[in-house]
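The next block holds one structure in the form of structure tokens; read it before the comments.
The values are calculated or read from the model by the stated rules, or taken from the named source; none is laboratory data. The structure presented is a predicted model; accordingly, all values stated were derived computationally and were not measured. Here the Cβ is made from the backbone with ideal geometry for all residues, glycine too, and neighbour counts use every protein chain on show.
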Amino acid sequence: MGKINILDAASANMIAAGEVVDRPSSALKELIENSIDANAKNITVDLTAGGNARIRVTDDGEGILREDLPKTLYRHATSKIRTGYDIDGVATLGFRGEALAAAAAVSRMEIVSKTSSESDGSRLTADETGVELYEAGCPDGTTVVINDLFYNVPARRKFMKKDSSEQAACLAVCERMALSNPGVSFTVFCDGVQKLRTPGDGSLYSALYAVYGAANAKTFMPVEYEQDGISVSGYVSRPESPRGTRGMQSFFVNGRYVKSRTVQAALEEAYRSYIPSGKFPAAALMITLDRMSVDVNVHPAKTEIKFADERKLFSAVYYAVRASLSPAGEVKAQSKELFENPSVSPHAARRPEERPTGFYDLGVFVRPQDLPAEREDAAPERKREVFTADIADSELGVLRKNNSPYVTVSTDEPTDEKAQKTFADIPEFRIIGESYDTFIFAELADRILIVDKHAAHERLLYERLRTGRRVAPQTLLFPVTVTLSPAEAQTLLANAAYLESFGFLVEEFGAGTVAVREIPSALKGVDGIAPMLERFARDITDGSSIPFEEKVDKALYTVACKAAVRAREKTSAEENEYLIANILKEKLGYCPHGRPFIKEIGKRELERYFDR
């Protein structure tokens, strides 16, 4: 007698059910997805004992015809597709036809449903005694009740978590469904107590407000971006409101909640220089792309999906978030090809013999009184070159610091109106001191600021480098040589024009060696130049999965850190004023490594120290 047995349908269904329904929250997810696919506008969820005892989902969707009700208990019975080829580009959340059959195999189930074309509804029950179908009076829509989940699978029931844990998992499912479907009103009860209610007005912010509460909703800012046919929208948390966990990160692809390491990595990479290490952003991101470029038939739960081009997805999400985080509100997406073949014109302006020091080396800030409108000693107007000797950061088109031995004037005549627009959003402040030549103290109307000047200056320089603003170079009397592998040297030289835009002039200097003849003027020495270029060349040559933009950012971090004013380095009161004004203007609070550089002490808090 053979050893291989063919299982009966009931046993096969019970085993297969473990892949689709492994706990109350997975059963609830399948029921809600069915309601959404039925075009429901109102969904009510009622849980008892965390869903272990009962799960009840009621909707006002299209309903199920009486003749179709018994079919719902068969595996692979579905109204969503006709053949396996229909899975490509499927628009519905469900399509396998496994959910109800799986749930019925491990519970006592009841379905009550009515379509608009029927005069009476139908009631179907399925349990250990069999399946029965009755007529029933009910409104249009469907109600599914799952009682005693895993009553017939003691081994599985033994591993169920306590009711409170299962309830939390079910609530998380409802929250994600509410966020991905803001046009559907969700009402959730747990043991008779209402836990969630969303308005269903179509606004994602309204859903966020209902799910996360008023206090958390106020910390979100909108995202709206499109790149390479990929649309990214939704909300992300402000940098000053990071979370201790990833619990408030939700990603949706074509309306489906997914767990994606690619999207998560892009989100957190975008925040890397905005929040401290160990903290995480909150996000609700809606990603829309061609359905044919996504494979959702990877896992029974359909939360893990495959993308045809994950690099494009990463780039779209990364730049979408950076565009919202950027002080200017806009980040230009750049591809690897752009970096390898940059169209950068060589600078042509003559370099002056003297140059200012401190924060002005990279044009950190320009004050309204520095405008040349009434200056008698202003230099005659001349056409600005593609690259100016002092700084290409003069987007306002104004003169440099008054005591500078040279000036740069744009062809656009500056006006008081431009200056007023630029500085209108900077609150009034005054510098009240500096301690240890490291921390600047500034007084505002309602608070005191304490600023780490090195970290603050580093962040400002990084922002200017990252946004593509040209940096003034200085010629080295003795070039710095960097020894690399032939492949690394070739890659570095291929990016020579790109490096020149940041103030580095590199040339070939024999096999596997490059010479650095110019460095950014703000760098106060050549220490660290060779290691920085070695790491940059190695990073962009190694072919790793790290995005090219991240490799570039690492190099920019190093340049900004080397160029920034040092702790315990003396700076003038005017330079300190420039620094504070600019971080207030651009609303920055973290260095490129994610460490905070500003501490605020409110006036009321200060008064409480002295019992006032």
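For a quick check of your reading of the model, give me the residue pairs whose first member lies in region 140-162 and is at pLDDT 90 or above, whose second is surrounded by fewer than 16 Cβ atoms within 10 Å (Cβ to Cβ) and assigned to a loop (DSSP other than H, G, I, E, B), with beta-carbon atoms closer than 6 Å and at least 6 apart or on different chains.
ASP140/SER116
Given the conditions (1) over 28 Å from GLU458 (Cα atoms); (2) at pLDDT below 95, and given that GLY234 satisfies all but one, which numbered condition is not satisfied?
GLY234 satisfies all of (1) over 28 Å from GLU458 (Cα atoms); (2) at pLDDT below 95 except (2).
Only one of these is surrounded by fewer than 18 Cβ atoms within 10 Å (Cβ to Cβ) and touching a residue at least 24 places away in the same chain (Cβ under 8 Å): ALA560, ALA564, ALA573. Name it.
Working: ALA560 fails: surrounded by fewer than 18 Cβ atoms within 10 Å (Cβ to Cβ); ALA564 fails: surrounded by fewer than 18 Cβ atoms within 10 Å (Cβ to Cβ).
Answer to the selection: ALA573.
Considering each of TYR462, TYR498 in turn, give the residue that is aromatic (Phe, Trp, Tyr) and surrounded by 23 or more Cβ atoms within 10 Å (Cβ to Cβ). Working first, answer last.
Working: TYR498 fails: surrounded by 23 or more Cβ atoms within 10 Å (Cβ to Cβ).
Criteria check complete, one pass: TYR462.
Can we say MET177 is surrounded by 14 or more Cβ atoms within 10 Å (Cβ to Cβ), over 26 Å from SER277 (Cβ atoms) and not β-branched (Val, Ile, Thr)? Talk me through it step by step, then tell me what you get.
Working: surrounded by 14 or more Cβ atoms within 10 Å (Cβ to Cβ): yes; over 26 Å from SER277 (Cβ atoms): yes; not β-branched (Val, Ile, Thr): yes.
The answer is yes for MET177.
Checking the structure you have, find out if any residue of region 87-97 is assigned to a loop (DSSP other than H, G, I, E, B), out of contact with any Leu (no Cβ under 7 Å at 6 or more places or on another chain), of a type outside the set (Asp, Glu) and modelled with pLDDT of 65 or more.
There is no residue in region 87-97 that is assigned to a loop (DSSP other than H, G, I, E, B), out of contact with any Leu (no Cβ under 7 Å at 6 or more places or on another chain), of a type outside the set (Asp, Glu) and modelled with pLDDT of 65 or more.
Inspect region 561-578 for any residue being under 30 Å from ARG238 (Cβ atoms), in contact with a Leu (Cβ under 7 Å, 6 or more places away or on another chain) and either at pLDDT 90 or above or assigned to a loop (DSSP other than H, G, I, E, B) (or both) and give the result as yes or no.
Within region 561-578 (the criterion being under 30 Å from ARG238 (Cβ atoms), in contact with a Leu (Cβ under 7 Å, 6 or more places away or on another chain) and either at pLDDT 90 or above or assigned to a loop (DSSP other than H, G, I, E, B) (or both)), the answer is yes, since at least one residue qualifies.
Just a yes or no: is a residue in region 274-281 within 26 Å of ALA456 (Cα to Cα), buried (at least 22 other Cβ atoms within 10 Å of the Cβ), modelled with pLDDT under 90 and of a type in the set (Phe, Trp, Tyr)? Outline the logic, then answer.
From region 274-281, those within 26 Å of ALA456 (Cα to Cα) are 274-281; that's our starting set.
From what is left, the residues that are buried (at least 22 other Cβ atoms within 10 Å of the Cβ) are 274-275, 281.
After this cut, where a residue has to be modelled with pLDDT under 90 as well, the list is 274-275.
Checking the rest, the ones that are also of a type in the set (Phe, Trp, Tyr) come to 274.
Yes, that holds for at least one residue.
Failed condition for GLU605, given (1) within 21 Å of PRO242 (Cα to Cα); (2) surrounded by fewer than 20 Cβ atoms within 10 Å (Cβ to Cβ), with all others met?
(1)
Could you list all residues from region 180-215 that are among the hydrophobic types (A, V, I, L, M, F, W, C) and surrounded by 14 or more Cβ atoms within 10 Å (Cβ to Cβ)?
The first filter runs over region 180-215 and keeps only residues among the hydrophobic types (A, V, I, L, M, F, W, C), leaving 184, 186, 188-190, 193, 196, 204, 207-208, 210-211, 214-215.
Listed by number, the residues that qualify are VAL184, PHE186, VAL188, PHE189, CYS190, LEU196, LEU204, ALA207, LEU208, ALA210, VAL211.
Within the set of pairs 6 or more residues apart or between chains, which connect a residue that is touching a residue at least 12 places away in the same chain (Cβ under 8 Å) inside region 212-232 to a residue that is charged (D, E, K, R) with Cβ atoms less than 7 Å apart?
These pairs meet every condition: THR219/ARG238; MET221/ARG238; ASP228/LYS312; GLY229/ASP290; ILE230/LYS312.
Identify, from the list GLU224, GLU268, GLU240, the residue that is within 25 Å of GLU586 (Cβ to Cβ), surrounded by 16 or more Cβ atoms within 10 Å (Cβ to Cβ) and acidic (Asp, Glu). Steps first, answer last, please.
On the way: GLU224 fails: surrounded by 16 or more Cβ atoms within 10 Å (Cβ to Cβ); GLU240 fails: surrounded by 16 or more Cβ atoms within 10 Å (Cβ to Cβ).
When all the criteria are applied, what remains is GLU268.
Conditions: (1) under 18 Å from THR115 (Cβ atoms); (2) outside any helix (DSSP H, G or I); (3) modelled with pLDDT of 90 or more. SER35 meets all but one. Number of the miss?
Of the numbered conditions (1) under 18 Å from THR115 (Cβ atoms); (2) outside any helix (DSSP H, G or I); (3) modelled with pLDDT of 90 or more, the odd one out for SER35 is (2).
Tell me, which residue of region 504-530 that is under 19 Å from ALA564 (Cβ atoms) and at pLDDT 80 or above is surrounded by the fewest Cβ atoms within 10 Å (Cβ to Cβ)? Before you say what the answer is, go through the steps one by one.
First, pick out the residues of region 504-530 that are under 19 Å from ALA564 (Cβ atoms): 504, 519-529.
Subsequent filtering for residues that are at pLDDT 80 or above retains 504, 519, 529.
On the way: PHE504: 26, ILE519: 24, ILE529: 20.
By that ranking, first place goes to ILE529.
Only one of SER237, SER206, SER250 is of a type in the set (S, T, N, Q) and not assigned by TED's automatic domain parsing to the domain that holds ARG311. Can you tell me which?
Numbers: SER237 fails: not assigned by TED's automatic domain parsing to the domain that holds ARG311; SER250 fails: not assigned by TED's automatic domain parsing to the domain that holds ARG311.
That would be SER206, the only listed residue that is of a type in the set (S, T, N, Q) and not assigned by TED's automatic domain parsing to the domain that holds ARG311.
Residue under question is PHE186, and the condition is that it be under 20 Å from PRO24 (Cβ atoms), outside the structural domain of GLY247 (by TED's automatic domain parsing) and touching a residue at least 60 places away in the same chain (Cβ under 8 Å); does it hold? Reasoning before the result, please.
On the way: under 20 Å from PRO24 (Cβ atoms): yes; outside the structural domain of GLY247 (by TED's automatic domain parsing): yes; touching a residue at least 60 places away in the same chain (Cβ under 8 Å): yes.
So PHE186 passes the test.
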